[in-house]
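Read the figures in this text as sums done on the coordinates, not as results from a lab. A quick note: this is a predicted structure, and the numbers were derived from the prediction, not measured. Virtual Cβ from ideal backbone geometry, glycine too; neighbours counted across all protein chains shown.
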């Protein structure tokens, strides 16, 4: 079969297509025929070799994918050959025509969801769900500000928020992206390239501020985020590319909190809850992953370059 292999850390060009042996499932493992694989920013960071967690070389990237079960190992009771599934983790990597996964990282894909949409679920929707409900403990009626909401995590957060009765203010850097945010259910959309755009938060919330901020670029926005919070507000840091200085008195005045998160820290119980919630939302149509760009598997390097560009719009997918 064909798979993307990384033999040395570096620029996107280190992603090379190669012929590799098809892995065979052992006890508790599932082999999935991949119809679509999701591309996530974290995979680009790992590829450079500078991320906190790096795999042994050579390796095949990817945790998110969707397709059909090709084969199951001994002890697997939840799936059989031919089942439509999506993955939230992989032993062998999903940038490939087939991927080996532990049974706990394989989930049923409802018939109304395409394989491309299924490949958009694991990291983006899992991150948004964990940030909103397991870290910020969001409840219906609260206001949430979602920064840089036009990418996979942001769109997931809008849909999850609206499904649970939260009111959403979302930001985007392009007119096309902001139109998408309105379409996906944001109550208000702001242009984060405009100076002072956060000054409109108080008027939009009856001079109250937002209860939750989902922050994708904390090194740029965190200080200003605190000023947009209501009393007892929470900022969840999902992404950051450097250090930042804040005035802790702003936190004290609001009894507010800054919460860090990574999906890697979610335990098995948390992950079960996340995917039960996602599957329910997919089945009833409240969750609808948006696909921005699709690349052939051999163009994984172009996909990695695209995911780091400004102006994100939906999810980037590889097609084996």
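Put a dot 7 Å past the Cα of residue 232, heading toward its Cβ, do the same for residue 112, and the two dots end up 3.5 nm apart. Each 10 Å bin from zero holds the following percent of Cα-Cα pairs in the chain: 6, 27, 34, 22, 9, 2, 0. Choose one answer from 118, 223, 233: the residue with the largest mean-square fluctuation in a GNM of the chain with alpha-carbon springs under 10 Å. So, out of 118, 223, 233, the one fluctuating most is 223. Expressed as a fraction of 2.2 N^0.38 Å, the value expected for a compact globular protein of N residues, the C-alpha radius of gyration of the stretch 157-201 is 1.13. Taking a ≥ b ≥ c as the square roots of the eigenvalues of the Cα gyration tensor, the stretch 1-75 is prolate, since a/c reaches 1.5 or more and a/b is larger than b/c. Expressed as a fraction of 2.2 N^0.38 Å, the value expected for a compact globular protein of N residues, the C-alpha radius of gyration of the stretch 124-264 is 0.93.
Would you mind putting 196-207, 139-150 in packing order, based on average other-beta-carbon counts within 10 Å, highest first?
Details: 196-207: 13.8, 139-150: 22.3.
Most protected by this proxy first, the peptides run 139-150, 196-207.
Dividing the radius of gyration of the alpha carbons in the stretch 67-185 by their Kirkwood radius gives 1.05 for Rg/Rh. Residues 304, 275, arranged from fewest to most other Cβ atoms within 10 angstrom of their Cβ, appear as 275, 304.
What's the FRET efficiency of residue 308 with residue 57 using the Cβ-Cβ distance as r and R₀ = 25 Å, to the nearest 0.05? Intermediate results must be reported in sequence, preceding the final value.
Values: r = 21 Å, r/R0 = 0.86.
Working from the Cβ atoms, E equals 0.70.
Hey, with R₀ at 22 Å, roughly what FRET efficiency would residue 207 and residue 255 work out to, going by the Cβ-Cβ distance, to 0.05? Working from the Cβ atoms, E equals 0.80. Each label was represented as a point 7 Å from its Cα along the Cα-to-Cβ direction; for residue 16 and residue 293 these points are 2.4 nm apart.
Computed from the C-beta positions of residue 246 and residue 200 and an R0 of 22 Å, the FRET efficiency is 0.55 to the nearest 0.05.
Can you give the helix-only mean residue ellipticity at 222 nm for the chain, where every DSSP H stretch with n ≥ 4 adds -39500 (n - 2.57) and the sum goes over all residues, rounded to the nearest 500 deg cm²/dmol?
-7500 deg cm²/dmol
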